[in-house]
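Here's the structure we're looking at; comments come further down.
The values are calculated or read from the model by the stated rules, or taken from the named source; none is laboratory data. From a predicted model like this one, the values you see are computed outputs, not experimental measurements. Cβ placement follows ideal geometry from the backbone for every residue including glycine, while neighbour counts extend to all protein chains displayed. Surface accessibility is based on the protein's heavy atoms, side chains included, excluding ligands, DNA and RNA. Shrake-Rupley method; radii C 1.70, N 1.55, O 1.52, S 1.80 Å.
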Amino acid sequence: MMATRVPGRRSTIQQYKKRWLSYPCSTTKAVQFSLDNLSHIRKDLYGDQENVSHFNSAGDSPMPRPVLEVVKNHLDLEARIGGYKAAEEVESLRSEVYGKVAELIGAKSVKEIALVESATVGWTRGFYSLAKAKLKPGSVLLTCEAEYAAQWVAMKHVCRDYGAKLVTIPSDPVLGEIDLEQLPKLLHDHNVGMVCVTHIPTNGGLVNPVEQVGQVIKSYNEKNKDSIVYIVDACQSVGQWPVSVKSIHCDMLSACGRKFLRGPRGTGFLYMKQTLAESIEPSHMDHYCAQVELDPADTSSDPTVVFRQGAGRFEFWEASIASQLGFGAAIDYAQSIGVKAIQTRVTMLADRLREGLANLPNVSVHDIGTVKCAIVSFSAEGISTLYLKTKLESKGHCLGVVPSSSTPIDSARRRLPGFILRASVHYFCLEKEIDTLVEDVENLVMIEKEKVSPV
Ligand SMILES: Cc1ncc(COP(=O)(O)O)c(C=O)c1O
């Protein structure tokens, strides 16, 4: 095929493709952590030159330069030749993104993956479609205490509409994670149609035992004709923690691209087992997820609606191709470092931060769970969290604040403050940045306390 020449430019589409493919992110050569290549990784971080310490990967992590380049280059191409033409040119690269997601989470096939705009878009499209098939008057939807608020709202909504009941699996009172001993009894006592849990919540270091939950549901389903669908929110885990749909035994799982995967905003995916996806209708449809077919021999007959195969039926036609390509590049970047290596490093860094903060007077660390991840949540007694965040930002620490309304059940049960600080580390963070954050928290809290009770 002839290369398309962009009018008035020396570059051709072919040259663009060559550049695209030569980005470092498209080589999945394993990188072992050492100070040497950590400095390479840091060079891919814009913030490194601006004296910002990034502790907000649970909110939105800075894209590495190669990911940003992929997005920018595609936008550039769109501006030159038009978005539709540009999409045609990169379609084979875009379609590879499905395989990258499938590999990342151990899905069997690309047909189990839908590319969507956010974790919530993926979760709600799958959830509402499944709820219609699974919930009826008298059935129960089980969830966990740490579930994200967006999902609570949707679950309450469908339970009201279908006459079902929303029941929370209690957390272990000491450890804080889903109480695995309670689960078999709940499954036995109720007519459970769906179980929806969050792997890693938005508000702290907890890692819920989603694999063990999946094992309990699998055993139950083996004796009860696969009556329960199991849904996992992996929004905070992909990119910092190994996530395998095979080990979790889930039917559906969702996540976004902008957090620990370091992809662009406006990206995410929905995983759904192919057989399950093909057994239900999407709650919302357009002419991409389903096609209207008319019998040419009898054009006056009723047209039939034919759905796309697999999870593709949860996608709509319009999408940001630049962002989807960037999402694929972000997965390549994470894979080139290795998710296991990332998990080891973030655990070490988060433990250091947690320990440093826990030793400070008037500071409370709120993380629960036997196993803890990259998210560290804390607050200071008698000092406004939002004020403290602003003060820490002025010292170059970029971190997040989580309102209790984001995890309503967990926050109420643990009586968490209205807002807590969330410092989420990633592999590119440095020990010295963590120590400086701890020092700055200590000094700020001391100054504020002295203002309240001057000596
Ligand atoms: C645990 C969890 N689930 C779901 C979401 C929703 O993700 P998104 O904003 O991409 O829809 C978030 C966002 O912070 C989250 O922390």
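Observations on the structure shown:
- Those residues of segment 68-111 which are under 17 Å from the mean Cα position of the chain (by Cα) and not aromatic (Phe, Trp, Tyr), in sequence order: Val97, Lys100, Val101, Ala102, Glu103, Leu104, Ile105, Gly106, Ala107
- The helices (runs of 4 or more DSSP H) falling completely within segment 338-419 that include 2 or more residues that are closer than 16 Å to Val438 by Cβ map to 339-358, 385-394.
- Scanning segment 209-231 for residues that are open to solvent by 40 Å² or more (accessible area, probe 1.4 Å), in a helix (DSSP H, G or I) and farther than 23 Å from Cys373 by Cβ yields Lys218, Ser219, Tyr220, Glu222, Lys223.
- The criterion of being among the hydrophobic types (A, V, I, L, M, F, W, C) and surrounded by fewer than 23 Cβ atoms within 10 Å (Cβ to Cβ) holds for Ile342.
- All positions within segment 166-179 that are surrounded by 15 or more Cβ atoms within 10 Å (Cβ to Cβ) and without any contact (Cβ under 8 Å) to a residue 60 or more places away in the chain: Leu166, Val167, Ile169, Pro170, Asp172, Ile178, Asp179
- Among residues of segment 345-386 being in contact (Cβ under 8 Å) with a residue 60 or more places away in the chain and open to solvent by 50 Å² or more (accessible area, probe 1.4 Å), the one that is farthest from Val207 (Cα to Cα) is Gly382.
- Some residue of segment 420-435 being outside any loop (DSSP other than H, G, I, E, B), farther than 24 Å from Ile41 by Cα and not assigned by TED's automatic domain parsing to the domain that holds Val207: yes
- Where a residue in segment 104-131 is touching a residue at least 12 places away in the same chain (Cβ under 8 Å) and its partner, wherever it lies, is within 13 Å of the ligand (Cβ to nearest atom) and among the polar types (S, T, N, Q), with Cβ under 6 Å and at least six apart: Ala119/Ser254; Gly122/Ser254; Trp123/Ser254
- Pairs where the first residue, in segment 216-233, is assigned by TED's automatic domain parsing to the domain that holds Lys273 and closer than 17 Å to Glu181 by Cα and the second is open to solvent by 10 Å² or more (accessible area, probe 1.4 Å) and away from the ligand (no atom under 16 Å from the Cβ), C-beta under 7 Å, 6+ apart: Val216/Leu180; Val216/Pro184; Ile217/His249; Lys218/His249
Here is a yes/no grid of residues against (1) out of contact with any strand residue (DSSP E or B) (no Cβ under 8 Å at 6 or more places or on another chain); (2) assigned to a helix (DSSP H, G or I); (3) open to solvent by 10 Å² or more (accessible area, probe 1.4 Å); (4) within 16 Å of the ligand (Cβ to nearest atom):
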{"position": "Ser92", "(1), (2), (3), (4)": "yes, yes, yes, no"}
{"position": "Val101", "(1), (2), (3), (4)": "no, yes, no, yes"}
{"position": "Lys111", "(1), (2), (3), (4)": "yes, yes, yes, no"}
{"position": "Ala114", "(1), (2), (3), (4)": "no, no, no, yes"}
{"position": "Arg125", "(1), (2), (3), (4)": "no, yes, yes, yes"}
{"position": "Leu130", "(1), (2), (3), (4)": "no, yes, no, no"}
{"position": "Leu141", "(1), (2), (3), (4)": "no, no, no, no"}
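- Filter pass, Ala146 being among the hydrophobic types (A, V, I, L, M, F, W, C), farther than 17 Å from Phe269 by Cβ, within 16 Å of the ligand (Cβ to nearest atom) and open to solvent by less than 30 Å² (accessible area, probe 1.4 Å): yes
- Selected residue (only one of Cys159, Cys196 is at pLDDT 95 or above, under 21 Å from Lys136 (Cβ atoms) and part of a strand (DSSP E or B)): Cys196
- Single match in Met63, Met2 (criterion: farther than 22 Å from Gly257 by Cβ and either modelled with pLDDT of 90 or more or assigned to a loop (DSSP other than H, G, I, E, B) (or both)): Met2
- Lone unmet requirement of (1) away from the ligand (no atom under 16 Å from the Cβ); (2) touching a Phe, Trp or Tyr at 6+ places or on another chain (Cβ under 7 Å); (3) not hydroxyl-bearing (Ser, Thr, Tyr) for Leu38: (2)
- A count restricted to segment 162-186 and to residues that are in a helix (DSSP H, G or I), under 23 Å from Val371 (Cα atoms) and not polar (S, T, N, Q) stands at 2.
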